[in-house]
Structure formats: structure tokens, C-alpha cells
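The values are calculated or read from the model by the stated rules, or taken from the named source; none is laboratory data. The structure displayed is predicted, hence computed values, not measured ones. Heads up, the Cβs are rebuilt from the backbone with ideal geometry, glycines too, and the neighbour counts pull from every protein chain shown. Surface areas here come from the heavy atoms of the whole protein model, side chains and all, with no ligands, DNA or RNA. Shrake-Rupley method; radii C 1.70, N 1.55, O 1.52, S 1.80 Å.
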Amino acid sequence: MKRTILFLIFSSFLLVKACGPKSPSENEILREEVIAVHDEVMPKMGNLKSLERRALEKVGELEKGSPQDSAKIQEYKALAYDLNHAHEAMFKWMRQYEPKDGEQSPEEIKQYLEEQMVLVSAVNVEMKEVLAKADELLN
């Protein structure tokens, strides 16, 4: 009788474990982290273009002025370039990112996601730095 009860308890445990919620795999967690880095700065994409326009407007104002401050003009042109580059870097990353695993092994998926984390983190840092620079120059 004790064996039967132990067998039923053990069988129930296995059934619950097999049918219960599964914990996410290491690759699923890594994929979520990659997307979280992307999602952190993605809402600021429109702001990049807005700030780029403001920097170029500032260039136009300075070029009309007399005497021209060529150092300031170059500074605002460089800012506009950096803002555009950060915007394009995000789109470039998004175009090459593969959300599906395809026929890859778990090890290949992990390597791919680690590479993507490096790439998207670089875009994240670039965007934050250029937004801080724009905030400093334009405000």
C-alpha cells in the first residue's frame, strides 16, 4: 500500500512537472535581454530626427549671420551628422536582426544572440551619447 501511494505521488509530481509552466531557456532570456536593450532607446528614434533638424536650422542661422562662426557651424554640422548616424545605426541593426532561430543549434543561437547583444548595446550607447550631446548644444 505504501508503495502504491509513493508511486502515485511520484507519478503526480512527474505529471505536474511535465505539464506545468516551463522556465525560459538561457537563449530565451538572452533574446529578451537583447530586445530590452533595443526597447530602451527605440522610443527616442523620432527625437533623433527632430534634433537633427534643429541642429541644421542652427547651422542655417549661423551661416546667415555676420561674422560667421565657422567653429560653431562645424560643431552643429557634426551634431547633425552624429544624430543621423545614430538613427541609421538603429535601422541597420533592426534590418539585420533575425527574431527566428531557424535550423540553428542552441549553441549557434546563443552565439548569435551574444553577437546581437554587442551590436545593439553599441547602438544603445551611441544613441544615448548623441542625445546627451544634442541636449547640451541645443538647449
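Taken together, D39, D82, D101 contain a single residue that is open to solvent by less than 70 Å² (accessible area, probe 1.4 Å), part of a helix (DSSP H, G or I) and either modelled with pLDDT of 95 or more or under 30 Å from N27 (Cα atoms) (or both), which is D82. Which of the residues spanning the range 88-128 are closer than 14 Å to E40 by Cα and not hydrophobic (A, V, I, L, M, F, W, C)? Matches in the range 88-128: S121, N124, E126, K128. Is it fair to say E57 is among the acidic types (D, E), surrounded by fewer than 17 Cβ atoms within 10 Å (Cβ to Cβ), out of contact with any Lys or Arg (no Cβ under 9 Å at 6 or more places or on another chain) and over 21 Å from I29 (Cβ atoms)? Yes; evaluated as a whole, the condition is true for this residue. Mind checking which residues of the range 112-128 are free of Cβ contacts under 8 Å to residues at least 12 places away in the same chain and either in a loop (DSSP other than H, G, I, E, B) or charged (D, E, K, R) (or both)? E115 - this is the single residue of the range 112-128 that is free of Cβ contacts under 8 Å to residues at least 12 places away in the same chain and either in a loop (DSSP other than H, G, I, E, B) or charged (D, E, K, R) (or both). Residue count for the range 106-130 under the criterion of being acidic (D, E) and touching a helix residue (DSSP H, G or I) at 6+ places or on another chain (Cβ under 9 Å): the result is 3.
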